[in-house]
1. Testing Leu96 on (1) modelled with pLDDT of 50 or more; (2) in a helix (DSSP H, G or I), one condition comes back false. Which one is that?
2. Quick one: what pairs do we get from the range 65-82, first residue assigned to a helix (DSSP H, G or I), second small (Gly, Ala, Ser), C-beta under 7 Å, 6+ apart or different chains?
3. How many residues does the range 121-160 hold that are more than 21 Å from the chain's Cα centre (by Cα) and either outside any loop (DSSP other than H, G, I, E, B) or modelled with pLDDT of 80 or more (or both)?
Amino acid sequence: MAEIRQKQDTSRSFLLLTYKLYHKLDTLSGTNKAYCLSVLLSLLKYAWKSSNYKCAVRYTTLIADTKLSKMTVRRSCTLLAELGIITIKRLSSANLYSINTNYLKAEKSTTEHSKVYNRTLKGLPQNSINKSINKNINTLSKIDKIISENRSNKDSIVFQLIKSCTLEELKEDKRNVYYCGLAIADYDKKRDQEFVPPEKIINALKNVGGKKSNAFYRAKVAHNKKFNLDWKGNPKK
């Protein structure tokens with residue numbers, strides 16, 4: 001029994017279950033397929049390639065892993081054995097399980113696992129398509145965050161959406177159609193009411209520190225207007 005136990009370390013990568021196995025379980029009725037698959041995955045946690053996919057475990061271990069009842073675990077083991085997916089040999093204090101390797105695909109190395117992981121959006125070059133995808137993801141995340149932070153306050157959600165998002169971003173979002181629709185409907189009106197137009201801010205900044213802020217200059221302008229004088233102080237013709 002000691003020879004069957006596998007010393008678990010971080011060198012193991014992953015195991016692929018074949019469609020042959022998955023469809024073999026299709027012959028089972030009701031929830032039995034799900035239960036059997038859960039029990040099989042638990043067995044594979046202990047049955048390693050170095051032990052020829054054999055392991056000696058107690059029902060209590062399988063119960064703890066699968067959160068199923070003892071009766072369900074026992075019935076699932078029996079069904080797996082009847083299908084030829086596993087064989088069971090009774091030991092003194094546990095069962096010896098052997099996995100039929102015809103239903104498994106050989107374990108992969110961690111190097112191959114890394115190659116699979118890298119074949120994701122994260123590892124793809126930033127071409128125009130991926131940039132567009134990433135832009136949409138970031139936009140959705142911003143809108144989702146606003147809705148989450150202001151949940152149960154519709155007015156606050158709409159206000160923050162208008163304040164933080166462009167009209168284009170609101171129209172592109174397809175996950176929060178209701179709130180984005182409200183924001184789009186009030187976008188122009190709310191922007192005019194709540195937010196100072198950029199051009200007004202720019203004009204105000206131009207006047208700060210300039211001659212128009214000088215008290216003497218303003219008094220001179222008022223005097224010229226009152227007596228119909230030009231900027232040099234001469235009477236206008």
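1. Condition not satisfied by Leu96: (2).
2. Asp65/Ser42; Thr66/Ser38; Thr66/Ser42
3. Residues flagged as more than 21 Å from the chain's Cα centre (by Cα) and either outside any loop (DSSP other than H, G, I, E, B) or modelled with pLDDT of 80 or more (or both) within the range 121-160 amount to 9.
The values are calculated or read from the model by the stated rules, or taken from the named source; none is laboratory data. Since we're looking at a predicted model, the values are computed, not measured. Positions of Cβ are generated from backbone atoms using ideal geometry, with glycine treated the same way; all protein chains shown enter the neighbour counts.
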